[in-house]
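First the structure, in the form of structure tokens, and then the observations on it.
The values are calculated or read from the model by the stated rules, or taken from the named source; none is laboratory data. As the structure is a computational prediction, the values presented were derived from the model and not from experiment. Cβ placement follows ideal geometry from the backbone for every residue including glycine, while neighbour counts extend to all protein chains displayed. Keep in mind that these areas ignore ligands, DNA and RNA; they rest on the heavy atoms of the full protein, side chains included. Shrake-Rupley method; radii C 1.70, N 1.55, O 1.52, S 1.80 Å.
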Amino acid sequence: MRNDMKTILIDREAIKKRVSELGKEIARDYQGETPLLICILKGSIVFYADLVREIDIPVHFEFMTASSYGSATVSSGVVKIVSELDNKIAGRHVILVEDIVDSGRTIAYIKNDMLTKGVKSLKVCALLDKPDRRVTDVKADYCGFVIPDEFVVGYGLDYDQKYRNFPDIGILKPEVYQK
Ligand code: PRP
């Protein structure tokens, strides 16, 4: 997989350090509470698994699926949500865990929907933020790294379902997806 990368943008050591910092921040902010951490599948699974182990207070797990890319490198703009969480989020402190906020459509769509379901509070924790591509007015309350407008893969992020298990975050060589 390394041969398909033009460069490594964020290596596993830097990710580990930043994820630990985010976990500490969340634990401090939610002291005395049991927040519900919702993993937005599939891209966030790796980040989620590492993040929850860095939060030294009780948390509850939930999962939902959102998909907007298909096999393209840019978002299709249509967000598809598969979730049965409606009766589990009322009255809860909810944290949405995302691998990346790009156009912001996914997170804006989920947030707008959840805000009508009686959550006590709603925050977003995103490992990566690509502000250059934003088309909505959303931002992550907890953000790991702000990154340039490059197509990144690894640590959960895919191209056509591949590279999710690459342990660093890399920029793919254009020839890999222009074939
Ligand atoms: C990716 C990523 C975010 C979303 C961000 O998911 O995991 O959920 O796109 O893009 P946006 O800010 O432009 O909405 P994707 O649709 O590729 O599904 P996946 O997580 O299963 O890879």
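For this structure, a couple of remarks:
- Some residue of the range 20-38 being open to solvent by less than 50 Å² (accessible area, probe 1.4 Å) and within 14 Å of the ligand (Cβ to nearest atom): yes
- Considering residues of the range 159-179 that are open to solvent by less than 40 Å² (accessible area, probe 1.4 Å) and within 11 Å of the ligand (Cβ to nearest atom) only, the residue nearest to R18 (Cα to Cα): Y163
- Residues being among the β-branched types (V, I, T), within 16 Å of the ligand (Cβ to nearest atom) and either more than 15 Å from Y48 (Cα to Cα) or modelled with pLDDT under 95 (or both) - total across the range 82-100: 1
- Inside the range 85-127, residues that are of a type outside the set (K, R) and touching a Gly at 6+ places or on another chain (Cβ under 6 Å) make up a count of 3.
- Remark: pairs (first residue in the range 34-61, more than 24 Å from G91 (Cβ to Cβ); second residue part of a loop (DSSP other than H, G, I, E, B) and open to solvent by less than 20 Å² (accessible area, probe 1.4 Å); Cβ separation under 8 Å; 6+ apart in sequence or on different chains) = K42/G156; G43/G156; I45/G156; V46/Y155; V46/G156; F47/Y155; F47/G156.
- Residue that is nearest to I55 (Cα to Cα), among those in the range 120-160 that are among the hydrophobic types (A, V, I, L, M, F, W, C) and modelled with pLDDT under 95: V138
- Scan of the range 137-157 for residues that are open to solvent by 40 Å² or more (accessible area, probe 1.4 Å) and either out of contact with any strand residue (DSSP E or B) (no Cβ under 7 Å at 6 or more places or on another chain) or under 16 Å from V19 (Cα atoms) (or both), ordered by number: D137, K139, D141, F145, V146, P148, D149
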